[in-house]
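The values are calculated or read from the model by the stated rules, or taken from the named source; none is laboratory data. Keep in mind that this is a model prediction, so the values were computed, not measured. When we count neighbours, we look across all protein chains shown, and the Cβ atoms used for this are built from the backbone with ideal geometry, even at glycine. Side chains included, ligands, DNA and RNA excluded: accessible areas come from the protein's heavy atoms. Shrake-Rupley method; radii C 1.70, N 1.55, O 1.52, S 1.80 Å.
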2 protein chains.
Amino acid sequence: MKSRALAAMSPSASLTRLDFERRDLGPHDVSLEISFTGICHSDIHQVRQEWGPAIFPMVPGHEIVGTVSAVGSKVTKFTIGDLIGVGVFIDSCRTCSSCVAGLQQYCENGMTGTYNTLERDGKTVAYGGYSNNFIINQDYAVHIPANLSLAGVAPLLCAGITVYSPLKKWGAKPGMRTAVMGLGGLGHMGVKFAHAMGAEVTVLSHSPTKEADALEMGADHFVCTKDIAVLKEHQKSFDLILNTVSADLDINLYLDLLALDGTLVVIGLPGNPYEVNIGALLNGRRRIAGSMIGGIPELQEMLDFCGQHQIVSDVEVISADYVDTAYDRTVASDVKYRFVIDASTI
Amino acid sequence: MKSRALAAMSPSASLTRLDFERRDLGPHDVSLEISFTGICHSDIHQVRQEWGPAIFPMVPGHEIVGTVSAVGSKVTKFTIGDLIGVGVFIDSCRTCSSCVAGLQQYCENGMTGTYNTLERDGKTVAYGGYSNNFIINQDYAVHIPANLSLAGVAPLLCAGITVYSPLKKWGAKPGMRTAVMGLGGLGHMGVKFAHAMGAEVTVLSHSPTKEADALEMGADHFVCTKDIAVLKEHQKSFDLILNTVSADLDINLYLDLLALDGTLVVIGLPGNPYEVNIGALLNGRRRIAGSMIGGIPELQEMLDFCGQHQIVSDVEVISADYVDTAYDRTVASDVKYRFVIDASTI
């Protein structure tokens, strides 16, 4: 299938227009016309090879929403015209215990990313969603509720599921005191979801200017951590903390905020290891957990939840010629709260 | 009450015989004649002030078993002649949510240790179990099943509950692949309990000579970690790992042994922070948790479990004049698997 895209031709170049061929539509595939694709910080890490050697040309983008334009002969899950979403992976082994459990993100043989990798045939390069169209196996795509702003849905496919999954896993519900560290692309979705699940939500942010937004999104409390000493006033206060901050920090100050049996979930990937004082874990039977995106069943569940609760991401919709600038602003945390590319401008 | 004890008069001195007065028996107290008291590594840390300034003279000992010799006017839980056990704490605030939940070890106002502290009146020094007798509020003592070797029961009051509690918390049961790091005072109890709970038990130990003991105690597998590279063969193999090792180690090598949703519970207190690679937590939704002894209801539950399953600690019973040597051998991990003082020799 003929496609056009914004592609990184090398780690240092600006993104440029690329015309290329996607693989043919297989019997279990659907093709989609892309409406919007979110810009995830991980796109930048991969383009700039901050996560290791990458495949160029690279078409980034794994927060993809669009409309089904064709279906393969064996497709039963979608019909032409359906709204459709594609997230961080497009395939997995399907046979390991993780895949069988619908937790394809933890595939023991490695999930297949949406771009910057080879498909499972070992030779087809996967090109992502900064593009006008896409082809994907039906099992790895999801339905999008019709009542939501499509642009605001795009970031749900990565940023949204990344916070939704640990909130569900660790039981966010009424009465659960939940803190969200950082109010960015991930954090602002954490606030919306935790609030919708009925939890008492506190935002911990070093930016005092974000208080109004936090409360507007559903936070019950806002703690400005610019003076880190303020944390001492909140010891043993939270049952669940979502850490969306990938910058270096003293994690022990935050572990001390956990009440008995509390859990701090790390979902950002910091560049350096955490130095964890084990005494902080022993005291109060606390724990640190990791969580990584979500599986296909949970991705669908989240989108249905969003439809029921009218939840989307706060986005700045941009055109293709603004992507380089958007990258710089994303790195500077200067976005409210996620850039989304209008695919019609590509 | 007149008492005699083995006491540390200063951090550097040998333990010596001390005659002293315990507080009077209150209406809710019981007194006991001590039969055996275990030597816990934490006794040594406290005597040697490795955990901060201590109160001298100090009578260590918080693994105490004996026979009730007198009861206060309001005591209903015990009668004279009952077998009785005392563990790591003798009181707590009784009103915080942890205490109300029976998790007195996490008392938000601080549990009262069995020795090297003041009782909650703020003035009575608490003297521990290297002694011929003891006085304790009935609510903080437990019953001991009659069918167990009393000497082997003593270490259950600290070493036993320290491993029993996290095994219960994290659901050790048939089908759960459980690893125990270190086969010492804590670890050997972890093997016995995990085996009795039906889990598949693997011992990870750097001492190849411990394999026979490990298998005898109920381990299904033994992995000698002297060559640490062997761990690579066991990645993603365990649902639960109990880390009883307080020596410095690369915790990430062990996190990689956890399967999906696996938990590594730290129960030894290492001297230095762990450097945790967060990627190891994200991958497989793993977690590190802490656990600290257990509350009074769980202590009783554990002793009942031991009675049902004929579980006691492996001990070397020693007389009072051997305690200094036993301390040195404990520090050198040269004990199978816990020293217990015969209180009749004090």
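What residue, among those in segment B:87-103 that are closer than 16 Å to residue B:120 by Cβ and either among the hydroxyl-bearing types (Ser, Thr, Tyr) or in contact with a Gly (Cβ under 8 Å, 6 or more places away or on another chain) (or both), is surrounded by the fewest Cβ atoms within 10 Å (Cβ to Cβ)? Write out each step before concluding.
Pass one, segment B:87-103, residues closer than 16 Å to residue B:120 by Cβ: B:88-96, B:98-99.
Checking which are either among the hydroxyl-bearing types (Ser, Thr, Tyr) or in contact with a Gly (Cβ under 8 Å, 6 or more places away or on another chain) (or both) leaves us with B:88-90, B:92-93, B:95, B:98.
Numbers: B:88: 23, B:89: 21, B:90: 25, B:92: 24, B:93: 16, B:95: 11, B:98: 24.
Filtering segment B:87-103 for residues that are closer than 16 Å to residue B:120 by Cβ and either among the hydroxyl-bearing types (Ser, Thr, Tyr) or in contact with a Gly (Cβ under 8 Å, 6 or more places away or on another chain) (or both), the one surrounded by the fewest Cβ atoms within 10 Å (Cβ to Cβ) comes out as B:95.
Test each condition in (1) closer than 23 Å to residue A:244 by Cβ; (2) assigned to a loop (DSSP other than H, G, I, E, B); (3) in contact with a Pro (Cβ under 9 Å, 6 or more places away or on another chain) for residue A:54 and report the one that comes out false.
So the condition that residue A:54 fails would be (1).
Inside segment B:250-331, counting only helices (runs of 4 or more DSSP H) that do not spill past its ends, which hold 1 or more residues that are open to solvent by 30 Å² or more (accessible area, probe 1.4 Å) and facing chain A (nearest Cβ under 9 Å)?
On the way: elements: B:251-255, B:278-282, B:296-309, B:323-331.
The helices (runs of 4 or more DSSP H) meeting that bar are B:278-282.
Mind checking whether some residue in segment B:96-116 is in contact with a Leu (Cβ under 6 Å, 6 or more places away or on another chain) and not assigned by TED's automatic domain parsing to the domain that holds residue B:212? Please lay out each step first, then the result.
Filtering segment B:96-116 down to residues in contact with a Leu (Cβ under 6 Å, 6 or more places away or on another chain) leaves B:98, B:106.
Still in the list and also not assigned by TED's automatic domain parsing to the domain that holds residue B:212: B:98, B:106.
Yes; the residues of segment B:96-116 include at least one that is in contact with a Leu (Cβ under 6 Å, 6 or more places away or on another chain) and not assigned by TED's automatic domain parsing to the domain that holds residue B:212.
Would you check if there is a residue in segment A:7-14 being at pLDDT below 95, in a loop (DSSP other than H, G, I, E, B) and of a type outside the set (Gly, Ala, Ser)?
Yes, the conditions are met somewhere in segment A:7-14.
Hey, among A:246, A:207, which residue is within 14 Å of chain B (Cβ to nearest Cβ) and of a type in the set (S, T, N, Q)?
Values: A:207 fails: within 14 Å of chain B (Cβ to nearest Cβ).
It is A:246.
Among the candidates B:35, B:31, B:73, which residue alone is part of a strand (DSSP E or B) and either under 30 Å from residue A:239 (Cα atoms) or open to solvent by 10 Å² or more (accessible area, probe 1.4 Å) (or both)?
Details: B:31 fails: either under 30 Å from residue A:239 (Cα atoms) or open to solvent by 10 Å² or more (accessible area, probe 1.4 Å) (or both); B:73 fails: part of a strand (DSSP E or B).
When all the criteria are applied, what remains is B:35.
Please give the number of the condition residue B:178 fails out of (1) surrounded by 18 or more Cβ atoms within 10 Å (Cβ to Cβ); (2) over 19 Å from the mean Cα position of the chain (by Cα); (3) farther than 22 Å from residue B:313 by Cβ.
(3)
Sort out which residues of segment B:332-346 are of a type outside the set (Lys, Arg), part of a loop (DSSP other than H, G, I, E, B) and open to solvent by 50 Å² or more (accessible area, probe 1.4 Å), and write them in order of number. Write out each step before concluding.
Within segment B:332-346, the first condition is being of a type outside the set (Lys, Arg), and the residues that meet it are B:332-335, B:337, B:339-346.
Now narrow it down to the ones that are part of a loop (DSSP other than H, G, I, E, B): B:332-335, B:337, B:346.
If the condition is that a residue be of a type outside the set (Lys, Arg), part of a loop (DSSP other than H, G, I, E, B) and open to solvent by 50 Å² or more (accessible area, probe 1.4 Å), then B:332, B:333, B:334 are the ones that fit.
Test residue A:41 against the stated conditions and say whether it is surrounded by 24 or more Cβ atoms within 10 Å (Cβ to Cβ) and in contact (Cβ under 8 Å) with a residue 24 or more places away in the chain. Please lay out each step first, then the result.
Values: surrounded by 24 or more Cβ atoms within 10 Å (Cβ to Cβ): no; in contact (Cβ under 8 Å) with a residue 24 or more places away in the chain: yes.
Here the answer is no, as residue A:41 does not meet what is asked.
Every residue in segment B:216-254 that is of a type in the set (A, V, I, L, M), over 14 Å from residue B:203 (Cα atoms) and under 24 Å from the mean Cα position of the chain (by Cα), please.
Matches in segment B:216-254: B:247, B:249, B:251.
Among the residues of segment B:1-38, which ones are among the hydroxyl-bearing types (Ser, Thr, Tyr), touching a strand residue (DSSP E or B) at 6+ places or on another chain (Cβ under 7 Å) and touching a residue at least 12 places away in the same chain (Cβ under 8 Å)? Reasoning before the result, please.
Narrowing segment B:1-38 to residues among the hydroxyl-bearing types (Ser, Thr, Tyr): B:3, B:10, B:12, B:14, B:16, B:31, B:35, B:37.
With touching a strand residue (DSSP E or B) at 6+ places or on another chain (Cβ under 7 Å) added as a condition, the list becomes B:3, B:16, B:31, B:35, B:37.
Correct list: B:3, B:31, B:35, B:37.
Would you mind telling me which numbered condition in (1) touching a residue at least 24 places away in the same chain (Cβ under 8 Å); (2) touching a strand residue (DSSP E or B) at 6+ places or on another chain (Cβ under 8 Å) residue A:213 fails?
Of everything listed in (1) touching a residue at least 24 places away in the same chain (Cβ under 8 Å); (2) touching a strand residue (DSSP E or B) at 6+ places or on another chain (Cβ under 8 Å), residue A:213 misses just condition (2).
Restricting attention to segment A:164-175, report how many residues are open to solvent by 30 Å² or more (accessible area, probe 1.4 Å) and hydrophobic (A, V, I, L, M, F, W, C).
So the first thing to find is which residues in segment A:164-175 are open to solvent by 30 Å² or more (accessible area, probe 1.4 Å), and the list is A:168-170, A:173-175.
In the following step, the residues that additionally are hydrophobic (A, V, I, L, M, F, W, C) were identified as A:170.
Adding up the residues that qualify gives 1.
Which condition from (1) crowded, with 20+ Cβ neighbours inside 10 Å; (2) closer than 19 Å to residue A:264 by Cβ; (3) within 14 Å of chain B (Cβ to nearest Cβ) is the one that residue A:194 breaks?
That leaves (3) as the condition not met.
List pairs: first residue in segment B:315-334 and at pLDDT 95 or above, second residue among the small types (Gly, Ala, Ser) and open to solvent by 40 Å² or more (accessible area, probe 1.4 Å) anywhere in the structure, Cβ distance under 8 angstrom, at least six positions apart or on different chains.
Final answer for the pair search is B:324/B:14.
Of these, B:65, B:59, which one is among the hydrophobic types (A, V, I, L, M, F, W, C), in contact (Cβ under 8 Å) with a residue 24 or more places away in the chain, over 16 Å from residue B:22 (Cα atoms) and surrounded by 21 or more Cβ atoms within 10 Å (Cβ to Cβ)?
Values: B:59 fails: over 16 Å from residue B:22 (Cα atoms).
Of the residues listed, the single one that is among the hydrophobic types (A, V, I, L, M, F, W, C), in contact (Cβ under 8 Å) with a residue 24 or more places away in the chain, over 16 Å from residue B:22 (Cα atoms) and surrounded by 21 or more Cβ atoms within 10 Å (Cβ to Cβ) is B:65.
Would you point out which residue out of B:136, B:161, B:80 is open to solvent by less than 10 Å² (accessible area, probe 1.4 Å) and outside any helix (DSSP H, G or I)?
Numbers: B:161 fails: outside any helix (DSSP H, G or I); B:80 fails: open to solvent by less than 10 Å² (accessible area, probe 1.4 Å).
Just a single option satisfies the conditions, and that option is B:136.
Within segment B:244-258, which residues are over 26 Å from residue A:96 (Cβ atoms) and out of contact with any Pro (no Cβ under 9 Å at 6 or more places or on another chain)?
Looking only at segment B:244-258, we keep the residues that are over 26 Å from residue A:96 (Cβ atoms), and these are B:244-250.
Within segment B:244-258, B:244, B:250 qualify.
Is there a residue being modelled with pLDDT under 95 and either open to solvent by 80 Å² or more (accessible area, probe 1.4 Å) or more than 14 Å from chain A (Cβ to nearest Cβ) (or both) anywhere in segment B:214-226? Don't jump to the end; show me each part of the working.
Taking segment B:214-226 and keeping what is modelled with pLDDT under 95, we get B:226.
Within this subset, residues satisfying the condition of being either open to solvent by 80 Å² or more (accessible area, probe 1.4 Å) or more than 14 Å from chain A (Cβ to nearest Cβ) (or both) are B:226.
Yes, segment B:214-226 has at least one match.
Every residue in segment B:230-249 that is open to solvent by less than 60 Å² (accessible area, probe 1.4 Å) and modelled with pLDDT of 95 or more, please.
B:230, B:231, B:234, B:237, B:238, B:239, B:240, B:241, B:242, B:243, B:244
Criterion first (farther than 27 Å from residue A:286 by Cα and in contact with a helix residue (DSSP H, G or I) (Cβ under 7 Å, 6 or more places away or on another chain)) does residue B:39 satisfy it?
Values: farther than 27 Å from residue A:286 by Cα: yes; in contact with a helix residue (DSSP H, G or I) (Cβ under 7 Å, 6 or more places away or on another chain): yes.
In short, yes.
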